[in-house]
1. Got a sec? Which helices (runs of 4 or more DSSP H) wholly within region A:1-55 have at least 2 residues that are in contact (Cβ under 8 Å) with a residue 24 or more places away in the chain?
2. Looking only at region A:42-94, count how many residues are closer than 24 Å to A:LEU223 by Cβ, loosely packed, with under 13 Cβ neighbours inside 10 Å and hydroxyl-bearing (Ser, Thr, Tyr).
3. Does at least one position in region A:191-208 carry a residue that is surrounded by 14 or more Cβ atoms within 10 Å (Cβ to Cβ), farther than 30 Å from B:ILE331 by Cα and basic (Lys, Arg)?
4. Can you tell me which of (1) touching a Leu at 6+ places or on another chain (Cβ under 9 Å); (2) surrounded by fewer than 22 Cβ atoms within 10 Å (Cβ to Cβ); (3) hydrophobic (A, V, I, L, M, F, W, C) is the one B:ALA276 doesn't meet?
5. I'm checking my understanding of the structure. Among residues of region B:315-340 that are within 17 Å of B:TRP159 (Cβ to Cβ) and outside any helix (DSSP H, G or I), which one is modelled with the lowest pLDDT?
6. Inside region B:218-261, can you point out the residues that are within 27 Å of B:VAL162 (Cβ to Cβ), over 16 Å from the mean Cα position of the chain (by Cα) and free of Cβ contacts under 8 Å to residues at least 24 places away in the same chain?
7. What pairs come out if I take residues in region B:313-340 that are closer than 13 Å to B:PRO117 by Cα and more than 10 Å from chain A (Cβ to nearest Cβ) and pair them with residues that are outside any helix (DSSP H, G or I) and of a type in the set (Phe, Trp, Tyr) whose C-beta lies under 7 Å away, six or more apart or interchain?
8. Given the conditions (1) at pLDDT 90 or above; (2) over 15 Å from A:ASN56 (Cβ atoms); (3) among the small types (Gly, Ala, Ser), report the number of the one that A:SER240 does not fulfil.
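The values are calculated or read from the model by the stated rules, or taken from the named source; none is laboratory data. Predicted model, so just to flag it, every value in this text is computed and none were measured. So basically every Cβ, Gly included, is an ideal-geometry build from the backbone, and we count neighbours across all protein chains shown.
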Amino acid sequence: MFQNRAEALALALPAALFAAAVFLVPVVILLSDGFRSSAGGWTISAYTDFFSNSLNQTVFLRTLKLGALVTVVSAVIGYAAAFAIVSLEPGAKGRMTGLVVLPLMISPVARTYAWIVILGRTGIVNQAFQALGITEVPLRILFSETAIFIGLLQLFLPLMIISLISALENMPKDAIPAARVLGANWFQVFWKVVLPLTKEGLVIGGTLVFTGCLTAYITPAILGGSKVLMLETLLYQQVSVSNNFVSASVIAFILIVMSFAANILLKRVATARNKMRSRP
Amino acid sequence: MKKVIFASGAVLMLATGAAQAQEKTLTISVYALAQDEYKQIIYDPFEKVCGCKLVVETGNSVERIAKMEANKANPVVDMAVVSMADALAASRAGLIDKVDTSKLSNFDKLYDIAKDPNKDGMSVGYTFYATSIAYRSDKMKIESWADLLKPEYASHIAWPNVTTNQGPPALYMLGQALGKDTPDLKAAIAAVGEKKDEIVTFYEKSSQLVQLMQQEEIWAAPIGRFTWAPFTKLGMPIAWATPKEGQTGGMNVMVVTKGSKNRDLALQFMDFWLSADVQTKVAEKMIDSPANKEVKLSEAAANNLTYGEETAKSLKLIPSAVALDNRAGWIKSWNEAVGQ
């Protein structure tokens with residue numbers, strides 16, 4: 001397309017400069033704060049301090065756990081929903097996809113506040129549980145890990161479904177019938193045919209959901225509050241209240257590492273399956 | 001001869017006055033809230049009175065003090081409004097000067113609590129608020145701060161997070177109620193920590209409480225008086241407690257920057273802000289409770305704000321030095337006892 005590499009580079013230069021100036025440089029400055037010692041040298045003591053604190057350990061593990069749990073559950077629900085949607089007539093497919101996307105157009109603040117009403121002691125969930133005799137006294141769901149899990153799942157499930165829909169649509173139409181004809185059961189069809197062919201979508205969806213869970217602020221802030229801190233809410237607390245920018249930059253670094261790690265891990269899982277498949 | 005001197009003096013004053021009117025600029029640093037009302041009630045009228053230009057910098061106090069510190073050698077801001085504790089921090093950092101209260105005609109009209117909050121002559125209070133407990137009077141009886149932690153109540157209350165403005169004062173009063181009021185708030189934090197699983201939430205935004213109260217998720221929470229109004233509109237039996245240990249609260253103060261070239265103008269502005277007229281107007285907009293005791297408020301405003309001699313006298317505020325020296329420690333012990 002281009003005469004030479006120089007031309008292509010010249011065209012990419014403005015965007016690259018912009019990204020470097022407003023993103024890369026500030027991020028490097030921010031992250032380097034976490035490695036500065038008060039004497040002016042370099043140190044990792046901010047990190048060892050961070051992880052030696054038991055609250056920070058709890059928050060880190062909780063963030064990891066909830067992020068992973070939401071990603072896995074949204075993948076399971078996402079595959080089912082995406083299958084159902086892909087198998088619809090084109091018109092209905094468009095409408096259903098629209099419905100999936102719809103929540104993304106509503107402010108997360110409004111959505112999250114709605115959960116307070118729904119999950120409250122006098123909310124519809126508790127009313128239903130009491131009417132069905134599941135519990136006598138209303139359950140305390142708000143301000144717990146369960147509440148954050150529900151809120152995050154609802155928030156990010158659409159991203160997983162959309163990624164999987166486009167992956168499933170790109171899959172050859174006769175792949176599943178062919179597998180069935182060759183005697184595969186439904187589990188084998190999914191595991192050996194669908195999953196390998198849609199892994200790109202799963203990796204993209206999984207990364208979006210996991211990093212979304214790590215970096216979501218409003219949902220854990222409203223549904224968990226300071227009682228159930230996540231890394232993002234802890235980060236906010238460190239900056240806005242404690243004015244502890246070193247600790248904040250440590251958390252920011254951890255979040256970035258976790259996001260990259262999740263992406264690499266998901267890709268690994270996908271390629272590992274690939275290799276298995278291509279083995280003679 | 002006298003006439004000539006007088007006339008030339010007058011001409012000189014007029015001339016310098018006119019010259020100053022063009023040059024005089026007062027830079028103030030304030031909280032970012034209610035700026036439209038402030039402009040209408042304070043800034044614009046003051047510009048007319050002083051014939052000067054007012055430059056307003058806004059932000060939270062952490063940002064603004066950091067900025068003052070950065071410009072220490074060559075101050076940009078002439079006067080600032082900050083919290084009581086931040087005023088002491090600014091004083092310790094050598095950023096502010098003593099306030100020459102002899103130049104404030106309204107100084108004597110202030111409630112005693114506002115006259116010299118940090119007892120160092122470095123600040124003057126312009127507004128304060130009470131912090132007490134809003135509670136469902138049909139479900140519970142609150143006579144002491146410690147009542148909130150009673151077994152039958154604890155699972156129906158929200159407690160302010162230590163990081164909010166209401167957090168430390170509430171713990172301070174709880175400590176008094178428990179008879180263990182050390183500056184590190186250890187006993188109070190431990191008491192809250194013991195009930196952490198029962199307490200509904202440790203709130204960070206008081207706006208959230210109205211919804212929780214409406215949904216009967218909570219029956220009570222320590223709040224600042226300035227957030228009281230919405231609770232009275234819920235149509236529920238919600239009362240403002242007057243615990244036997246008293247009410248607590250907070251105060252915002254005015255300070256003058258060390259090295260400011262517009263000291264007199266800054267004092268003139270402070271005096272204007274402290275006048276009964278301005279304080280009444282700001283109070284009637286339900287923004288700041290008046291520190292000027294000559295202010296007479298309508299019933300609606302009085303009910304929503306912290307108002308009156310008795311209330312002002314009953315407030316037990318955390319001494320700024322205690323807050324400054326212990327803030328980091330409070331957050332640490334809180335995170336250990338409550339945060340997980």
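1. On the way: elements: A:5-19, A:25-33, A:45-52.
Passing ranges, in order: A:25-33, A:45-52.
2. 1
3. Residues of region A:191-208 that are surrounded by 14 or more Cβ atoms within 10 Å (Cβ to Cβ), as a first pass: A:192-208.
Then keep just the ones that are farther than 30 Å from B:ILE331 by Cα; that gives A:192-208.
From the residues that got through so far, the ones that are basic (Lys, Arg) too are A:192, A:199.
Yes, region A:191-208 contains a residue that is surrounded by 14 or more Cβ atoms within 10 Å (Cβ to Cβ), farther than 30 Å from B:ILE331 by Cα and basic (Lys, Arg).
4. Status for B:ALA276: all satisfied but (1).
5. Let us first name the residues in region B:315-340 that are within 17 Å of B:TRP159 (Cβ to Cβ), namely B:318, B:330-331, B:333-340.
Those left that are additionally outside any helix (DSSP H, G or I): B:318, B:338-340.
Working: B:ILE318: 95, B:VAL338: 85, B:GLY339: 70, B:GLN340: 56.
Restricting to residues being within 17 Å of B:TRP159 (Cβ to Cβ) and outside any helix (DSSP H, G or I), the top hit is B:GLN340.
6. B:PRO230
7. Every condition considered, the pairs that remain are B:LEU315/B:PHE128.
8. (1)
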